[in-house]
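Below: the structure, in structure tokens.
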Amino acid sequence: MPAVNESPPRQRLAPGRAGALTFLAAGSVLILEIAAGRLLAPYVGVSLTTYTGIIGVILAGIALGAWAGGRLADRLDPATLLGPAFILGGLAAMAAVPVVGAVGGLGLGGDPVAIVILATVGFVVPAAILSAVAPLLVRASLVDLSSSGSLVGRLSAIATLGAISGTFVTGFVLLGLVPTRLLIAGTGALLVLVGLGLVAVERGRRRGGLGAAAIAAALLLGGAALAGPDPCGRESRYFCMAVVPSASDPSGRTLVLDRVRHAFVDLADPTELGFRYVGWFADASSELIEAHAGDVDVLHLGGGGFTFPRYLLATAPDSRHIVLELDGEVLAVAREELGFPATDRIAVDIGDARLGIRTVASDSVDLVVGDAFSGLSVPWHLTTREFLAEVDRVLRDDGRYLMNVIDGPRLGFVRAEVATLRRVWPHVAVVAAPSTLAGESAGNVVLIASHRPLDVPALEDRLAERDGGPLSVLGTDAALRRLTAGAVALTDDFAPVDQLLVP
């Protein structure tokens, strides 16, 4: 019986070129995946849910592209498809910016369905097209079946290296240097140029018309990506930032990070707090500050607009402050646009608070204020019993921990965090609007923890005098037991903060 021979492709691709194209295609997919988180942030926020949706959509695009590319490679000459694939992938990447802006502007919300929809309309097509390149390259490089395993393994390894490089370079370098829209548009332009080069050298076929059309489309989409409305006044590695002037107060400014209002600052009056929960901070700390005649050391977890450190310094000039702020660009915005003055009374340490708190001496502060957020959620590693033990370590015996959280009607996160606090401190109180604690609306909740008994009636009086609205203060053991019934304390091994926030 005669042997059956597989017919090789009509044109063999040189191994070096195949490897370079594989590296570029895979790396570009991961550049888009990392950048997608920043592009979607102004519309759906930044959370584990956001990145879960993006990763899932990109993986779906990769699977779809690999399947479609394999079928096309078996039916057509794959060498003739490579150039168009890079061109279309680049154009689709460019189109993601205006498409996400248009669909995100519809106000879909920030739930998982909205995240998946927005990620899909923006990124599934470029991910699929670029992932179709891999089987095309395998087929275009294949000489005989005896070496097919080595070929597939080599190109697969190169693709993985490209993906790793795209991830590291984007996350560690590019997003801190290049605006997201420019990064995506630039990646798309590079892919289009590579595609045009492939078309030009592929025996000169279909060169003119396709090239002119691709260039025109790239210019059009690139212009749309860069010239369209940008929700970011300023962008950092972590946040899309905007400073919004107040319509009613000429000196009022609101700092918006991604889609969340993070801070209000009155340029003319540091005692004007703006947000309701910051007033709760002030009332929850006033008894402690008065007991020390204003001579207190305060550690702030999260800077934002630096509203509360400035307030405390204005009302207690002898106080000293350390602020652990993740993003140096947030500090720059506070200095340049929010009037945050340089003073030796407020030291700012740039970096993750979980790491920064390790450098704070034990028993060295009287008050710790937790107001760090990623989107609407507190970063999970700042919520656990292990982290709270670090907070307890730096607090003096009569010290107090204040923590701002946001939760929805289920109060899943609030209940879990209160249960966690009660594992570390014997005295805990909860301050919130009655509608929030009743599960009728989402809102801010301020948690207070101490080793010393809390004077809840006095706190209620101070809050009533300042706040002017109805408030609920839970501070008895019975009330806290009812609130935390069935709640699980958060640990480094189990802290599903984002899942607890999702309705």
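The values are calculated or read from the model by the stated rules, or taken from the named source; none is laboratory data. Bear in mind the structure is a predicted one, so any value in this text is a computation, not a measurement. Using ideal geometry, Cβ is built from the backbone for each residue, glycine included, and neighbour counts are taken over all protein chains shown.
If you check D397, D392, D371 for being at pLDDT 95 or above, of a type in the set (D, E) and touching a strand residue (DSSP E or B) at 6+ places or on another chain (Cβ under 6 Å), only one passes: D371.
Among the residues of segment 264-278, the one identified as in contact (Cβ under 8 Å) with a residue 60 or more places away in the chain and either more than 27 Å from the chain's Cα centre (by Cα) or over 22 Å from G370 (Cβ atoms) (or both) is L267. Residues considered: L221, L198, L193. Of these, the only one that is of a type in the set (A, V, I, L, M), closer than 30 Å to R259 by Cβ, modelled with pLDDT of 75 or more and surrounded by 14 or more Cβ atoms within 10 Å (Cβ to Cβ) is L221. Evaluating L118 against the criteria (1) crowded, with 22+ Cβ neighbours inside 10 Å; (2) in contact with a Lys or Arg (Cβ under 8 Å, 6 or more places away or on another chain) leaves one unmet condition, (2). Looking at L91, L118, L142, just one residue is farther than 21 Å from P231 by Cβ and within 33 Å of the chain's Cα centre (by Cα), and that residue is L91. Based on what the data block shows, is V244 in contact (Cβ under 8 Å) with a residue 40 or more places away in the chain and aliphatic (A, V, I, L, M)? So V244 does not fit the description; no. Could you go through segment 52-72 and let me know if any residue there is under 12 Å from the mean Cα position of the chain (by Cα) and either at pLDDT 95 or above or under 27 Å from I87 (Cβ atoms) (or both). Yes - at least one qualifying residue is present in segment 52-72. The single residue among V178, V244, V194 that is closer than 30 Å to G328 by Cβ and either assigned by TED's automatic domain parsing to the domain that holds L88 or among the charged types (D, E, K, R) (or both) turns out to be V178. Looking only at residues of segment 400-428 that are free of Cβ contacts under 8 Å to residues at least 60 places away in the same chain and surrounded by 23 or more Cβ atoms within 10 Å (Cβ to Cβ), we find that the one that is nearest to T491 (Cα to Cα) is L421.
Collect the residues in segment 210-260 that are touching a Gly at 6+ places or on another chain (Cβ under 8 Å), more than 25 Å from E325 (Cβ to Cβ) and not aliphatic (A, V, I, L, M), keeping them in residue-number order. Within segment 210-260, G222, G228, P229 meet the criteria.
Cβ-Cβ distances below 6 Å connect the following pairs, each with a first residue in segment 53-70 that is touching a residue at least 24 places away in the same chain (Cβ under 8 Å), a second residue that is buried (at least 23 other Cβ atoms within 10 Å of the Cβ) and polar (S, T, N, Q), and a separation of six or more residues or different chains: I62/S131; G65/S131; A66/S131.
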